Amino acid sequence: MTGTLGQRLEAVRRRIAAAEAQYRREPGSVRLLAVSKTQPVEALREALRAGQSAFGENYLQEAQAKQQALAGTGIQWHFIGPLQSNKAKPVAGCFDWVHSVDRLRLARRLNDHRPDDAEPLNICLQVNISGEQSKSGVAPEAVAELAAALQEFPRLRLRGLMCIPAPADNAAGRRRPFRALRQLQERLVADGYPLDTLSMGMSADLEEAIAEGATLVRVGTDIFGPRTNPLHTAGDDTGGRGAA
Ligand SMILES: *Cc1c(COP(=O)(O)O)cnc(C)c1O
C-alpha cells in the first residue's frame with residue numbers, strides 16, 4: 001500500500017473511469033462502495049473528507065459503533081455481509097441498503113422491522129453464482145421465485161443482484177460469473193422488475209465486473225489497505241473474502 005488514503009481512493013476512482021471507457025460504459029455509471037469493515041472510524045473520516053459517501057460494513061456491532069461516531073455526516077450505509085435472521089431488526093433500522101438477502105425469512109424480517117418513517121430498504125439479492133457448496137447466496141435457479149416473493153414486502157425495494165464469485169486465475173474466468181449474474185438480472189428486468197443495480201467486483205476484479213455490467217463495485221483493500229485487525233465477533237461472519 002502506498003500513498004495516503006485519499007490518493008488510493010483517487011487511484012480506485014481512476015481505475016473505475018478507465019474501465020468505463022475501455023468497456024464502453026457510460027461515464028459515471030459505476031458507483032464506488034468503500035468497504036470499511038475492520039477499519040477504524042478515523043479511516044472512514046479520511047475517506048469521507050476525500051469525497052466518499054457510501055460505505056459497506058459486514059459486522060453489525062462494529063457498524064453500529066461507527067454509525068454512532070459518524071452520525072450527521074450523511075453517509076449512506078450498506079450492509080454487505082452474511083446476515084442472520086435474528087439480526088434483521090437492527091440492520092433494518094440503521095442501514096440504507098442490504099446486499100446479502102438470500103432467503104425469504106430474512107427478507108420478511110427486514111420488511112417487518114423497517115421503520116415506518118424511513119424510506120423503503122434497498123435490497124440486492126445475493127446469488128451463489130459459482131455454485132459453491134458452503135457459500136451464502138440464493139441458487140441462480142431460485143432467484144426469480146425470491147424476487148417474486150419480495151413483491152409482497154412494501155418496506156423493501158428490490159434494486160438488483162449481488163455476487164461474490166469463486167476466485168479465478170485469469171480474466172476470462174473472472175468475467176464468466178459476472179456475465180452470468182448480469183444475464184440473470186436481464187431476465188428479471190424482462191419480467192418487469194425495475195432493477196438498476198448489479199453489485200459485483202472488488203479490489204482484485206473490479207475491471208472484469210465493470211466489463212460485464214457492474215453498476216456498483218465494493219472495494220476495501222485497495223482503498224483502506226489490508227485488514228489486519230478483525231474486530232468482528234465470532235458467528236457474524238468469516239472476515240477475509242467477506243461472505244462464506
Ligand atoms: C470485504 C468485502 C469486499 C471488499 O473486498 P476487497 O477485496 O478488500 O476489496 C467486498 N464485498 C464483500 C461482500 C466483502 O465482504
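The values are calculated or read from the model by the stated rules, or taken from the named source; none is laboratory data. This is a predicted model, so every value here is computed, not measured. Because the Cβ atoms are built from the backbone with ideal geometry, glycine has one as well, and the counts that use them run over all protein chains shown.
Checking C124 against (1) in contact (Cβ under 8 Å) with a residue 40 or more places away in the chain; (2) outside any helix (DSSP H, G or I); (3) touching a helix residue (DSSP H, G or I) at 6+ places or on another chain (Cβ under 8 Å): exactly one of these is not met. Which one?
(3)
When only residues in the stretch 181-230 that are of a type outside the set (A, V, I, L, M, F, W, C) and part of a strand (DSSP E or B) count, which is farthest from the ligand (Cβ to nearest atom)?
Residue satisfying both the conditions and the ranking: T197.
Would you check which residues across the stretch 130-168 are at pLDDT below 95 and among the charged types (D, E, K, R) and list them?
Within the stretch 130-168, E132, K135 meet the criteria.
Give the residues of the stretch 30-80 that are in contact with a strand residue (DSSP E or B) (Cβ under 6 Å, 6 or more places away or on another chain) and more than 21 Å from H99 (Cα to Cα), sorted by residue number.
Matches in the stretch 30-80: A47 only.
Taking the stretch 77-94 on its own, how many of its residues are over 15 Å from Q39 (Cβ atoms) and within 12 Å of the chain's Cα centre (by Cα)?
2
With the checklist (1) within 12 Å of the ligand (Cβ to nearest atom); (2) modelled with pLDDT of 95 or more in hand, flag the one item P90 doesn't pass.
(1) is the only condition that P90 fails.
Do the conditions hold for L106, that is, is it of a type outside the set (S, T, Y), touching a residue at least 24 places away in the same chain (Cβ under 8 Å) and either closer than 26 Å to D196 by Cβ or crowded, with 17+ Cβ neighbours inside 10 Å (or both)?
Against the criterion (of a type outside the set (S, T, Y), touching a residue at least 24 places away in the same chain (Cβ under 8 Å) and either closer than 26 Å to D196 by Cβ or crowded, with 17+ Cβ neighbours inside 10 Å (or both)), L106 does not qualify.
Of the residues that sit in the stretch 31-58 and are within 13 Å of the chain's Cα centre (by Cα) and either in a loop (DSSP other than H, G, I, E, B) or at pLDDT below 95 (or both), which one is surrounded by the fewest Cβ atoms within 10 Å (Cβ to Cβ)?
It comes out as K37.
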